[in-house]
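Since the structure comes first, as structure tokens, the remarks are kept for the end.
Throughout, read-outs are computed from the coordinates displayed, never taken from laboratory work. Because the structure is a prediction, the values reported are computed rather than measured. Neighbour counts are summed over all protein chains in view; Cβ atoms, including those assigned to glycine, are modelled from backbone coordinates with ideal geometry.
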Amino acid sequence: MISLPDERPLHLVITGGSGLIGQALTRRLEIDGHRVTHVVRRPVRQEDIDWDPASGRLDPADLEGTDAVVHLAGENLGTRWTKAIKGRIRQSRVRGTRLLSTTLAGLERPPRVLVSASAIGIYGDQGDRVLSEMSAPGDPARDFLVSVCLDWEAAAEAARAAGIRVVPARFGVVLSDKGGALRKQLLPFRLGLGGRLGDGSQWVSWVSIDDAVGAIQHIIASPTLEGPVNVTTPAPVTNREFTEALGRVLRRPTIFRVPAPALRLAFGEMADRTLLSSTRVVPTRLIQSGYYFHYPSLEDALRHILKQDHGTSFPG
């Protein structure tokens, strides 16, 4: 639940409202009685705001007097990265964020906060090292995702310079049965064909969709939170541990393994930067600011998401 001191409902603007997090956040906000407006390229509702980051089209009047903006728009990462796709990934994040940021900066009545999506990919592959918001980013010259995330966060500078509270929300792997990485894994795991990726030692920093939404609400309601915030649970796991937990929840064996060379053959650079990359992130600033995680345990989160009861299961 979020509110202003006078407890009036808020008017929130969301880009990327049709995505996994955007849909869940919209439902939660509307249930709580807030007004939600989506920024879209092809408006279908009268209340939608029309924009086109490629041409720089966004009417400032549509954003005047709103309370908060949550920027979630961006090209999907979960495909093989060709040169063209890498260009779309970068431009969809940087160009859109810059347009939104500069537009907000010029408003007479700007929102109090801009929550702008980012990703833990900014840290790069750092093995077993525990990473907080104070940790240095990875090497942008060697890691495409690091360079994208750095440019993505920097694109919100105009809003920050104008006095708007800007919070880059660095999301980990968001778990939901409605989409994302977990949704793609469900069929093979349910068929008993699930298994670890590579040697399974890489760290997976995850968050349930409920806590991803809860963290955004908490950020909006916390006026002292500014700058990067990791949106992951306090308990990252290795890929092996994730595989075993999902197998237990679905009551299926997890005896298979997908070798790293096979992943590289299928997905190219994307495999090394996402599937095989080890990023052990903790949400230091969320915890310090008093956020309570509803699902800090992976197995509890999976059982909630997949509506599975405890019972006899195969060993991992």
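Brief remarks on what is shown
- Relative contact order computed over the chain (Cα-Cα under 8 Å; 6+ residues apart), in percent: 19 percent
- Each peptide in 225-237, 17-29 receives the mean, over its residues, of other Cβ atoms within 10 Å, and ordering these scores from highest gives 225-237, 17-29.
- The separation of the range 116-131 from the range 29-43, counted between C-alpha centres, amounts to 30 Å.
- Computed from Cα atoms, the angle from the helix 20-31 axis to the main principal axis of the chain rounds to 60 degrees.
- The chain: Cα Rg divided by the 2.2 N^0.38 Å rule of thumb: 1.00
- Each semi-axis of the equivalent ellipsoid for the range 118-178 is √(5λ) with λ an eigenvalue of the Cα gyration tensor; in descending order they amount to 22, 16, 12 Å.
- Comparing mean-square fluctuations of A260, A245, A141 from a GNM of the chain with C-alpha springs under 10 Å, the top value falls on A141.
- Equivalent ellipsoid dimensions for the range 151-278 as semi-axes, Å, which come from the Cα gyration tensor, largest first: 33, 18, 11
- For the chain, with +1 on Lys and Arg beta carbons and -1 on Asp and Glu, the positive-most of S297, V204, G106 along the dipole: V204
- The range 236-316 - charge dipole about Cα centre, Lys and Arg +1 at Cβ, Asp and Glu -1, debye rounded to 20: 80 debye
- With the alpha-carbon atoms of the range 37-154 aligned to their principal axes, the span from lowest to highest coordinate is 47, 32, 21 Å, starting with the largest.
- Highest mean packing first, where packing is the average number of other Cβ atoms within 10 Å per residue, the peptides 248-254, 98-104, 62-68 line up as 98-104, 248-254, 62-68.
- Aspartates and glutamates whose Cα lies under 12 Å from that of K307, excluding same-chain neighbours fewer than 8 positions away: D177, E299
- Once backbone amide H atoms are built at 1.01 Å from N, R280 has Q126, L131 as its partners under 5 Å, excluding neighbours fewer than 5 places away on the same chain.
- Taking only the alpha carbons of the range 70-222, we obtain Rg and Dmax values of 17.0, 58 Å in that order.
- Applying 1/(1 + (r/R0)^6) with R0 = 41 Å to the Cβ-Cβ distance of L193 and M134 gives a FRET efficiency near 0.50.
- Spherically averaged projected area of the convex hull of Cα atoms, the range 209-270: 6.7 nm².
- Between the helical axis of 144-154 and the longest alpha-carbon principal axis of the chain there is an angle of about 20 degrees.
- For the chain, a Gaussian network of Cα nodes joined below 10 Å ranks H71, H218, H304 by mean-square fluctuation, and the top entry is H304.
- A Cβ-based charge dipole, computed about the Cα centre of the chain with Lys and Arg at +1 and Asp and Glu at -1, lands at about 1080 debye.
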